[in-house]
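Below is one structure, written out as structure tokens; the observations come after it.
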Amino acid sequence: MTDAITPTVVQDRIREGLLRKAGLTAAQIDDALRTERETGQQLDQVLVSKNMLPEQKCLQFFGDLLGLEFRPSLEGVGVPGVFIHQIPVQFARTHGLIAVEDTGTVLRVATHRPLEVQPMDDLATLLGREIEAVLAPRGEVANLINRAYRHKADGVDEALQDVKDTDIVSIAENIQESEDLLDANKAPVIKLVNMLLFQALKLRASDIHLQPYADRLQVRMRIDGVLYDMESVPKRAQEAIISRVKVMGKMDIAERRMPQDGRASIRVGDGDVDVRISTVPVAGGERVVFRILDKTTKIYSLDQIGLTEESQRTINRYINYSHGVIFVTGPTGSGKTTTLYACLDAINAPGLNILTIEDPVEYNLDGISQVQVNTKKGLTFAAGLRSFLRQDPDVMMVGEVRDNETADIAIRAALTGHLVFSTVHTNDSASTVTRLIDIGVEPYLVSSSLLLVIAQRLLRTVCPNCREPVTPNQQQRYFLEDLKLTPDQFPDGKLMIGRGCDECFRSGFAGRTAIYEIMPIDTQIQEQIVNKATASQIKRGALERGLLTLRMDGVTKLLQGQTTPEEVLRVTQLDIV
């Protein structure tokens, strides 16, 4: 990799190769090469940032040009221990480098920057090894770095030792618009908060809770939907930490008796992470919750979110309609936004004008105009949706239908020839229909505009590192009876469970998949809506015509060995058939 040909030497080859293999015009090539010269950016970064080539196609092209392997996915890759132990996480994240294979003679290292040679040279020097580059998408590299360094010491304990009572005066120093978590040259309290955030990102946590007790400040993290106790911070550092958090979220440091909300943008290497911060006064101080939105996380496609082939075919059919409303429903944190983004990504094309209004914009989608709600300035879901109708849209996505006004505009937009996606909070697919009528939408409007309702939940999956088949014990047999299953329906009569390891916090679970209840609005349901049928009547009729409920989908994934009976029962407890 150290002897890679520079873009200057092979400019003619690149020009010819791009034109021939990538299908770019001569004008695009000239524009890209000019930007490269003027900004100093590498050519691959220019092509991706200017949307001339999708990242995967760009990496594939440079892989062919430079004779490097391209891996579209790093799922299931084990990182050689020599890399984790000898290379600091700051170096790996900043340069986007992670080892994927040790052949004994050569260490193969994944990168998403094919033309950056210097970091590879530095890595070879640090390790004293010969390095061979492998190309992979940026999101895949970032995720593998997170997984690899998950259990390495984070410096949290070290930062705790440095916390002094006097540090409260230094909390407002060095505050920037976007804080870099990897910058260790900060005051101890700042360093501590940064380390907690960084640890949460590595553990794939969605939330961090700072809960005050009489003798300590307890740190808890929600991983795969379950809260885990982490470090305890000494009580003497509580005020300094909470003040630091308020500075990050641009909140009032002096106000301790009222709840406050704030937002912050933090930087980890070259990736941005949005954090929503909430403080509430409780006995013992103030309770803080961070909601983490990692924008470096990849957008999932429809075939990666846990859909069966039949369900995926159904969704594909409806998302290509020219007009109508499609609702995704479920509680907070059930993956609704991920499903909506997968749907939008599936239909995204230059021939469609797609607009979204969200609170907040969680991930950036290329080629789609995304608007963030700003209630203080009067930009609500309803106001944004009304404005969208003057923007010549084909497809619109509304983050959530909370009131009659938003629902009414969304449904009328569907009736005037637009495809509308949105979310709503209900327990199952049938109750979505009655919820719309409850908030004041006329039944005939619901009947004529609604296309499809997708109800979903997230189910923890068995840890791949410690999974093992076991003969069900008495308690597990009871669980199976509740699910109307018997042990002989499983391979060799054994369930797949995780025995618990360091990778999964001894929980036996790692990662989540979604379960779905997909209800197309057929003519029978349309008639029931107009006749104001109850949710249970609608669901009963749909079941007779083949509707698969959330629990049925959970049972399918249980029989495939992806999860456990307890988990299916926990997640589908409200799914009454």
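The values are calculated or read from the model by the stated rules, or taken from the named source; none is laboratory data. These numbers were taken from a predicted model, which means no experiment stands behind them. All Cβ positions, even for glycine, are placed from backbone atoms using ideal geometry, and neighbour counts span all protein chains on display. Accessible surface areas use protein heavy atoms only, side chains included; no ligands, DNA or RNA. Shrake-Rupley method; radii C 1.70, N 1.55, O 1.52, S 1.80 Å.
Inclusion of Arg222 among residues that are at pLDDT 90 or above, open to solvent by 40 Å² or more (accessible area, probe 1.4 Å), assigned to a strand (DSSP E or B) and out of contact with any Leu (no Cβ under 6 Å at 6 or more places or on another chain) is warranted.
Filtered by the rule that a residue be at pLDDT below 90 and not in a loop (DSSP other than H, G, I, E, B), the range 264-284 gives Ser265, Ile266, Arg267, Val268, Gly271, Asp272, Val273, Asp274. On the stretch given as the range 394-418, residues that are over 26 Å from the mean Cα position of the chain (by Cα), at pLDDT below 95, assigned to a loop (DSSP other than H, G, I, E, B) and not small (Gly, Ala, Ser) total 2. Scanning the range 53-71 for residues that are closer than 10 Å to His112 by Cα and of a type in the set (A, V, I, L, M) yields a total of 1.
Each residue in the range 497-524 was checked for being open to solvent by 50 Å² or more (accessible area, probe 1.4 Å) and either among the hydroxyl-bearing types (Ser, Thr, Tyr) or over 30 Å from Ile319 (Cβ atoms) (or both), and 6 of them qualify. The set of residues in the range 63-80 being over 25 Å from the mean Cα position of the chain (by Cα) and either hydrophobic (A, V, I, L, M, F, W, C) or not in a loop (DSSP other than H, G, I, E, B) (or both) consists of Gly63, Asp64, Leu65, Leu66, Leu68, Glu69. Can you tell which of Thr94, Thr103 is modelled with pLDDT under 85 and either open to solvent by 10 Å² or more (accessible area, probe 1.4 Å) or touching a Pro at 6+ places or on another chain (Cβ under 8 Å) (or both)? Thr94 is the lone residue from the list that is modelled with pLDDT under 85 and either open to solvent by 10 Å² or more (accessible area, probe 1.4 Å) or touching a Pro at 6+ places or on another chain (Cβ under 8 Å) (or both). Restricting attention to the range 106-125, the residues that are open to solvent by 10 Å² or more (accessible area, probe 1.4 Å), of a type outside the set (D, E, K, R) and touching a residue at least 40 places away in the same chain (Cβ under 8 Å) total 4. When you scan the range 45-62, do you find a residue that is in contact with a strand residue (DSSP E or B) (Cβ under 6 Å, 6 or more places away or on another chain) and part of a helix (DSSP H, G or I), even just one? Yes, the range 45-62 has at least one match.
A search for C-beta distances below 6 Å between a residue of the range 191-210 that is over 15 Å from Ser243 (Cα atoms) and any residue that is of a type in the set (S, T, N, Q) and modelled with pLDDT under 85, counting only pairs 6+ apart in sequence or on different chains, returns Lys202/Asn146.
Scanning the range 202-248 for residues that are of a type outside the set (Lys, Arg), under 21 Å from Gly333 (Cβ atoms) and touching a Phe, Trp or Tyr at 6+ places or on another chain (Cβ under 9 Å) yields a total of 11. Within the set Arg460, Arg467, the sole residue that is crowded, with 17+ Cβ neighbours inside 10 Å and more than 22 Å from the chain's Cα centre (by Cα) turns out to be Arg467. Search the range 34-54 for residues that are at negative phi and pair each with any residue that is assigned to a helix (DSSP H, G or I) and open to solvent by 70 Å² or more (accessible area, probe 1.4 Å) when their beta-carbon atoms are under 8 Å apart and the residues are at least 6 apart or on different chains. Within 8 Å, the pairs are Gln41/Ser49; Val46/Thr39. Does the range 98-116 hold any residues that are touching a helix residue (DSSP H, G or I) at 6+ places or on another chain (Cβ under 6 Å) and of a type in the set (A, V, I, L, M, F, W, C), and which are they? Passing the criteria: Ile98, Ala99, Ala110, Leu115. When you check Phe83 against the structure, is it outside any strand (DSSP E or B) and touching a strand residue (DSSP E or B) at 6+ places or on another chain (Cβ under 6 Å), yes or no? Spelling it out, Phe83 is indeed outside any strand (DSSP E or B) and touching a strand residue (DSSP E or B) at 6+ places or on another chain (Cβ under 6 Å).
For every residue, the table says whether it meets (1) surrounded by 13 or more Cβ atoms within 10 Å (Cβ to Cβ); (2) among the β-branched types (Val, Ile, Thr).
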residue	(1), (2)
Asn353	yes, no
Glu362	yes, no
Ile368	yes, yes
Gln372	yes, no
Thr375	no, yes
Leu379	yes, no
Met397	yes, no
